[in-house]
1. Mind listing just one residue for me: the one in the stretch B:160-171 that is surrounded by fewer than 24 Cβ atoms within 10 Å (Cβ to Cβ) and without any contact (Cβ under 8 Å) to a residue 24 or more places away in the chain and, of those, nearest to the other protein chains (Cβ to nearest Cβ)?
2. State which residue is nearest to B:G194 (Cα to Cα) when the search covers only the stretch A:222-245 and only residues that are among the hydrophobic types (A, V, I, L, M, F, W, C) and more than 10 Å from chain B (Cβ to nearest Cβ).
3. Residue under question is A:I55, and the condition is that it be touching a residue at least 40 places away in the same chain (Cβ under 8 Å), within 24 Å of A:G242 (Cα to Cα) and of a type in the set (A, V, I, L, M); does it hold?
4. Please state which one of A:R77, A:R118 is more than 14 Å from chain B (Cβ to nearest Cβ), free of Cβ contacts under 8 Å to residues at least 24 places away in the same chain and among the basic types (K, R).
5. Touching an Asp or Glu at 6+ places or on another chain (Cβ under 9 Å) and not β-branched (V, I, T): does that describe A:P226?
6. Can you tell me which residue is nearest to A:I55 (Cα to Cα) among those in the stretch A:1-40 that are charged (D, E, K, R) and not in a helix (DSSP H, G or I)?
7. Just name the residue that is surrounded by the most Cβ atoms within 10 Å (Cβ to Cβ) out of those in the stretch A:45-74 that are more than 11 Å from chain B (Cβ to nearest Cβ) and within 16 Å of A:T23 (Cα to Cα).
Amino acid sequence: MRMSWLPQGHLEAFLNLLEPYGTVHGPTVLENGVTALAPITSPDDLELKYRHTLIPPKKYLLPFRDPILTLNDGCYRPAPPVAPNLVLFGLHRCDLQAISYLDRVFLGDDPDPNYAGRRERLTLVGLSCEPDDFCYCDPAQPAAVDLFLDQAENGFLVTPHSPRGEKIMSEGTGLFLSSDHLPSLLVPLAPPPTPQDPELRFSDNPLWEEYARICLSCGACSACCPTCYCFDVREYPSLDHGGNRLREWDNCLFKKHGEVAGGDFRRSRLDRLRYRFLHKYCGFSPLQGVTSCVGCGRCAKACPVGIDLRNVLEVTYRGAEPATTRDQATGTGEVS
Amino acid sequence: MKRKPKLAIAGLTACSGCQLTFLNCEREIPTILDRFQVSFFPLGESSGGDDERFDAALIEGAVSTAQDLATLFALRRASRLLIAFGTCALFGGVAAMNNQLCDRAELFRSVYGREPEKDLIPPAPFTNFVAVDFSITGCPPEKTDLVALLGSLLAGTLPPTTCYPVCMECRSRENSCLLLDRDELCLGPIIQGGCNARCPATGIVCEGCRGPVSQANVAQEMELLLERGFDREDIRRRMSRFTPGWNYEQRD
């Protein structure tokens, strides 16, 4: 099989090739030391060997605060998103799988106009990665991607995965050489979790109690999760008799998430942790039975107290000893 | 034309910073004055009549004198809605930070050199004395929260509340985590957000000026900070700077 080879030296020309499809954003290290997806102006800005970004690409599709309606003269009108064409360069497979999952949630039977408006202006260029201690993934899961780059020494093997990807490659014929190399296959360090039995959230695994005892409810796990999409809807009347309705990231670790008029569905921290497990590993209808964990490892890495929900699965399914809270010295030191 | 809602803006024992937040809304003040009647605002030199009634009273400060209490009761009686405006009104704030550490009478003697008046009250939040209809936290409060309240009052409602910790907005802004990455004494996980992580975004730890978030796991934050090598007394001093009444054993 003949493959398309992009020599390292052609990367700048390749980025130029992407420009007509939108502003190019890619993995870079911000001034504060945090690895993030941000605008890229030259290959020197790129951090090609990054582990993962602190905040996943969902920030482009579901911004932290997103106006959805404006109120003027007593009339509500949709607030269409300001969505410029955008190329996300260098997304790892887990993040591409996460976008594929979000597509199922937001572009299903009743597409969300704000999500759809942003999604159709997005071009996705994937990049192979090296797994770390926190991540695990299933390369076979569906991923949303136009072009995928497998990193090798001195260059990349490029494969198109969509008509747009084919088009980009046809526009840059001079950039690509023919190659006999085959893309290296990912070897995840841990097997990915399969969809779980929802009843598992009621298991008497002692780890549940321990995690509920130490969970700070800071919300980092969910904020950093590429598939956590819960939002709260709020309306703010303005001084001129108008107003704005917006949605903002919500988080099932917060008390207010389960509160309704007259009650609270999830009163204890344990209930809230179990709810997160239920959504992540068991799925809700209509995505019941679909695990939305793509194995990026961000939650375990961002947790100040070392909670790793995978341990709940491992203990129950493999009969292993309950894992202890991770030593605070490990894994929390880096920001990348 | 619809009657303009009447506002009272007042302060008890405090620095007047919350009332200044109102004056700092330069862009909105013309509209606010067009929509509301600011009937009582001693700091801004409006004086209302004795029989004035208010649609809403925004009051800052802790209750620490008999006069404070009288003002609070009078405004409570005169107002349909009483709004605790700022951290002191909600939690006692800076004035209350040493409530647990020293005796008020002794403090009074050492500062004023005479016997304390008999009506001395340890600085306390409003809810110790009156019903509070809504609160805006912060030292000082965010302008946006004040404007949101005023907009909502015009619409005959109250604004939605935020109930997430500082970490939520801090992570969303892709800040470096001062607690985990820089080993600093940051209170972000247990403090009410809504400030858009103002301090951590500039590299300054969260000192807790907005008070506890509703789901705070106080005992675990304490444990985590101790594990990370901070001194228990230093942690307590930091936590009680704006909120004296922490329950350090609270997990649920």
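The values are calculated or read from the model by the stated rules, or taken from the named source; none is laboratory data. The structure presented is a predicted model; accordingly, all values stated were derived computationally and were not measured. For neighbour counting, all protein chains shown are included, and Cβ atoms are generated from backbone atoms with ideal geometry for every residue, glycine included.
1. B:P160
2. For the stretch A:222-245, the residue satisfying everything is A:F231.
3. Here the answer is no, as A:I55 does not meet what is asked.
4. Result: A:R77 is the single residue among A:R77, A:R118 that is more than 14 Å from chain B (Cβ to nearest Cβ), free of Cβ contacts under 8 Å to residues at least 24 places away in the same chain and among the basic types (K, R).
5. Against the criterion (touching an Asp or Glu at 6+ places or on another chain (Cβ under 9 Å) and not β-branched (V, I, T)), A:P226 qualifies.
6. A:E31
7. Once the filter is applied, the top-ranked residue is A:L61.
Here is a yes/no grid of residues against (1) part of a strand (DSSP E or B); (2) under 27 Å from A:L61 (Cβ atoms):
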position: A:L200; (1), (2): no, no
position: A:W208; (1), (2): no, no
position: A:D232; (1), (2): yes, yes
position: A:L239; (1), (2): no, no
position: A:C252; (1), (2): no, yes
